[in-house]
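Q: Before I ask anything, here is the structure I am working with.
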Amino acid sequence: MTLSPADARLASTGAESNSCKRGLTAGEDHSVPGWRRASLDLLSAARRRLRRSGRRPAEGGPSAVPPASPDLVPAAAEAAPDGTKAARLAAVLAGMSDGVMMIDADLRLVEWNARFPDYTGIPANLLRVGLPMAEILRAQAEAGEFGPGDVEDEVARRLDRLRAGISTGTIERRRPNGQVMELRRNRLADGGFVTLYTDVTARRQAEDQLRQAQKMEAVGHLTGGVAHDFNNLLMVILGNLDRAERSLKELDLDRAGRGIEQARSGAKRAALLTQRLLTFSRRQQREPQPIDPNAVIAGMADLIRQSSASTLVVDFHLADCPWCVLADQNQFEIALLNLVINARDAMAATGGPVTIETARATRGEEGVPDLIPVPGQEFMRITVRDTGAGMSPEVAERACEPFFTTKAAGKGTGLGLYQVVDFATNSGGHVMIDSEPGVGTAVTILLPRLVIADATGEGLQPPAAERFAGNGEIVLVVEDEPEILSCTAEGLEAMGYQVLRAQDASAALTLLERTPEVALLFTDMGLSGISGQQLAQEAARRWPHLPVLATSGSPSALPADGAPALALAWIEKPYAVPRLAQAIRAALDARLGTPAEGSPGAAEAPDAPCEKG
């Protein structure tokens, strides 16, 4: 076995470190040095980790160590010479897949293993016994491990937390190289710390894949209902356009106008339905934001009804004056939809009502036990209740485990409730299940109240289109669908912009070379041949100060985190011309350093329904 220099040093010396002595408690053998008992504790922890991971240490091997119970520590310490015990510790440290760091009460480095520098970004040649923790933190900060910010301020802040004893427990950190590290830090009796660094990147990626698989299962459940509803919307659009055409021939302009308006309304509903499905199926990182649960549920009403069977009736009992919560809206919608689908499946044979309720709740009141394991006193309570088959206590206890399902093979992945619990946990909340066989099931999500001190309580009004009219600026529109190109160009011209048109990237680049006065490039990302992404990259290379606004109707144009690969302004299809003009004005003003009022990039106070908190 190859040992790191630090591990070989420990194995060869076996010397007691003056900076790692522990205080002795009553009943302990005062002849046993403190560092040896700390070593046994670490060895015992390593052995438990090996057992949990399914790898059993070989009998008599270097990691076959005795348990570190209080009664056995002195005997185990006397059973082997110092050098043997140190060699065992060195072997365990060298063989661990985790990084290990031990610091003493004076915040100086005592021990580490070969994985420690790999997982922390600290140069291995910097490490030595007695190295101050400040130097370790400074090396990490200079390597960008803690993100942007002043190095000395970051070092001082973290040292203060260590000295105060509040930098313990388990946290996750994403490194600059993309690794996701789990840090578990525990205090030693002498005031020092032991920290374990575990690479959980693969685990988190697997969890993301599980969530995506569950999303796809839910989309499959929705397909039939969505197709039916979309066909109805198309009938509304086509029927009203036919009415408008007949009315125009008869010179009945009022009737023609009503038909056009109703067709536009149907198109907007179809666009909203498509946008929700794309958002639902898209892989994206969590983006917590202030949301009103009632507003989200009301906006999902059609989607919820489509996901339920025709034999079910969905009732909504929403609080009159809800509190805001801080949560990812997309994941909230997914969690709610999962609960509705579970209720539908539970009531497949009998049908009946499914009730979605929201209510304010305070810890200790009915439905919110005092002992729920989350902080806070006030919560929004979201409950989905069915009158289906119900669950036995044994099944209910396992219902939130990943892959656990009582459905027939091929009917479910067992990820629905797991996804709900994952959402609630990431939002600082809690999930409760109340189920009785033959009576039904109620699943409740508790989300902490978000207090917004300066909100007005009034919904934000859409800005007037006139504020985003053009002043003769030249906009190059690149779109390979002729009908969309024509409509967009005519709409922007009506808004006061001069428009150049191109149907592919090559023509766009030619126009940019010939027309240096172009103020903004607006391109579809899904161009045939040279893509919009490649066009934007080439334009940024040749004309770095040219604003670029991108659009697409497909989620494949966006990478996994939900944002374009380039730092582009973005608007999703389908878009109305006033909204496009708003995005163009925002991009033009951002180039000048003056964000447009009401623009997508301008700061806006979140809504706080009913009250200011």
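Q: Can you report the number of residues in region 126-149 which are more than 14 Å from Arg175 (Cβ to Cβ), open to solvent by less than 60 Å² (accessible area, probe 1.4 Å) and not aliphatic (A, V, I, L, M)?
A: Summing the residues that are more than 14 Å from Arg175 (Cβ to Cβ), open to solvent by less than 60 Å² (accessible area, probe 1.4 Å) and not aliphatic (A, V, I, L, M) in region 126-149 gives 3.
Q: What is the residue count in region 92-125 for residues that are of a type in the set (D, E, K, R) and over 19 Å from Asp199 (Cβ atoms)?
A: Of the residues in that region, 4 qualify.
Q: Right, next: Please work out if Glu378 is among the charged types (D, E, K, R) and within 26 Å of the chain's Cα centre (by Cα).
A: Considered against the rule, which asks whether it is among the charged types (D, E, K, R) and within 26 Å of the chain's Cα centre (by Cα), Glu378 comes out as yes.
Q: Restricting to region 492-518, count the residues that are among the small types (Gly, Ala, Ser) and open to solvent by less than 10 Å² (accessible area, probe 1.4 Å).
A: Residues flagged as among the small types (Gly, Ala, Ser) and open to solvent by less than 10 Å² (accessible area, probe 1.4 Å) within region 492-518 amount to 3.
Q: Which pairs have Cβ atoms under 6 Å, sit 6 or more apart or on different chains, and link a residue in region 478-507 that is assigned by the TED database to the domain that holds Gly553 to one that is open to solvent by 10 Å² or more (accessible area, probe 1.4 Å) and β-branched (Val, Ile, Thr)?
A: These pairs meet every condition: Ala489/Val499; Gly491/Val577; Leu492/Val499; Glu493/Val499; Gln498/Ile474; Ala505/Ile530.
Q: Name the single residue that is most open to solvent (accessible area, probe 1.4 Å) among those in region 173-187 being under 18 Å from the mean Cα position of the chain (by Cα) and over 15 Å from Ser97 (Cα atoms).
A: Arg174
Q: Something else about it: Take the residues of region 316-354 that are among the charged types (D, E, K, R) and under 19 Å from Ser435 (Cα atoms): which is most open to solvent (accessible area, probe 1.4 Å)?
A: Of everything passing the filter in region 316-354, Asp345 is most open to solvent (accessible area, probe 1.4 Å).
Q: Could I ask something else about it? Kindly establish whether Leu521 is open to solvent by less than 40 Å² (accessible area, probe 1.4 Å) and at pLDDT 95 or above.
A: For Leu521, the condition - open to solvent by less than 40 Å² (accessible area, probe 1.4 Å) and at pLDDT 95 or above - is met.
Q: Report yes if Met102 is among the hydrophobic types (A, V, I, L, M, F, W, C), more than 29 Å from the chain's Cα centre (by Cα), farther than 30 Å from Gln205 by Cα and crowded, with 17+ Cβ neighbours inside 10 Å, otherwise no.
A: no
Q: Going through region 287-303 one residue at a time, which ones are at pLDDT below 80 and surrounded by 19 or more Cβ atoms within 10 Å (Cβ to Cβ)?
A: Result: Leu303, single match.
Q: Return yes or no: is Ala563 hydrophobic (A, V, I, L, M, F, W, C), within 24 Å of Arg579 (Cα to Cα), in the same structural domain as Glu481 (by the TED database) and at pLDDT below 85?
A: yes
Q: Among the residues of region 500-525, write down those that are out of contact with any Gly (no Cβ under 9 Å at 6 or more places or on another chain), among the β-branched types (Val, Ile, Thr) and not in a helix (DSSP H, G or I).
A: Result: Thr515, Val518.
The values are calculated or read from the model by the stated rules, or taken from the named source; none is laboratory data. Treat the numbers as computed from the prediction; the structure is a model and nothing was measured. All Cβ positions, even for glycine, are placed from backbone atoms using ideal geometry, and neighbour counts span all protein chains on display. Remember, those area values only see protein heavy atoms, side chains included, never the ligands or the DNA or RNA. Shrake-Rupley method; radii C 1.70, N 1.55, O 1.52, S 1.80 Å.
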